[in-house]
Every structure is written in structure tokens, then in C-alpha cells.
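Novice: What follows is a structure written as C-alpha cells; I'll ask about it next.
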Amino acid sequence: MSATIITTVQVKFDGSGVTDISDRVKSCSISYGRQRTLDEFGAGTCTLVLNNSDNYITPGHSDSTQGNTQLIGREVRVSAAVTG
């Protein structure tokens, strides 16, 4: 039996609730911790590649649903669950 990783990505666009954009995620990479025991801990990073072909989150675009303002500093939640 093989394991399946299910990734959920949510963004807080307007400050009140979160919007699930998991169906738009093409890839996700998360890095945290340190390389060696004596290294200092640094900030973690998360890189998301999204499918935005319909301009859903393009700031200032007339077809944009969520991109009415700049998306800098928005809260993003990434969670993963392993099944199988």
C-alpha cells in the first residue's frame, strides 16, 4: 500500500475568513529547521506554484475575484495529511 499526501492551502484574503485554494496548487515545497546540529535555526520557507490562468488572484485585473488589492502580507496556511 502506498501513502498519499493531501495538501490543503488556505489564504486569508480579506481579513475575516479563509479561502481554500488547494485546487489551484500545482506544487508546494516547505523547508525549515537546520542542516547540521551546530547550525543556527533560520526562518522557514514555503514555495507555492499556483494555477492562475483565470486571473483569480491577479491584483488589479478586471477578471480577478480575490486580487482587488495587493496580496503582500496575507496569511497563508498550509497543512498536509498522509493517508494510506
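Novice: So with the 1.4 Å probe, I'd like the accessible area per residue for the range 1-77, rounded to whole Å².
Specialist: Working: 5900 Å² over 77 residues.
That works out to 77 Å² per residue.
Novice: So between residue 36 and residue 76, what do we pick up on full extension, going 0.36 nm a residue minus the alpha carbon distance?
Specialist: Working: separation 40, 0.36 × 40 = 14.40 nm, distance 2.81 nm.
Full-extension gain reported as 11.6 nm.
Novice: If you don't mind, another one. How far is it, in nm, from the label point at residue 2 to the one at residue 26 when both lie 7 Å from their Cα along the line to the Cβ?
Specialist: Computed distance between label sites residue 2 and residue 26 equals 2.2 nm.
Novice: Relative contact order for the chain using alpha-carbon pairs under 8 Å, separation at least 6, rounded to a whole percent?
Specialist: Computed value for the chain: 37 percent relative contact order.
Novice: Further question on the same structure: With Rg and Dmax of the Cα atoms in Å as the read-out, I listed (i) 15.9, 51; (ii) 12.7, 34; (iii) 12.3, 42; which label goes with the value calculated from this structure?
Specialist: Recomputing Rg and Dmax of the Cα atoms in Å here picks out (i).
Novice: Still on this structure, please answer the following. Pairs of alpha-carbon atoms within less than 8 angstrom and 6+ residues apart define the contacts here; what relative contact order does the range 16-55 have, in percent?
Specialist: On the way: 39 pairs, mean separation 17.4, N = 40.
Relative contact order, the range 16-55: 44 percent.
Novice: Let me ask another. Taking H placed 1.01 Å from N in the peptide plane, check which residues at least 5 places from residue 50 or on another chain put their amide H under 5 Å from its amide H.
Specialist: Residues meeting the criterion, in which the H sits 1.01 Å from N, are 26.
Novice: Moving on to the next point. Spelling out what I want: for every residue of the range 23-40, take phi, set θ = phi - 60°, compute 6.51 cos²θ - 1.76 cosθ + 1.60 (Karplus), and round to whole Hz; glycine and proline get x.
Specialist: 5, 9, 7, 8, 7, 9, 9, 10, 10, 7, x, 9, 7, 10, 4, 8, 6, 7
The values are calculated or read from the model by the stated rules, or taken from the named source; none is laboratory data. These numbers come from a predicted model, not from an experiment. Positions of Cβ are generated from backbone atoms using ideal geometry, with glycine treated the same way; all protein chains shown enter the neighbour counts. Remember, those area values only see protein heavy atoms, side chains included, never the ligands or the DNA or RNA. Shrake-Rupley method; radii C 1.70, N 1.55, O 1.52, S 1.80 Å.
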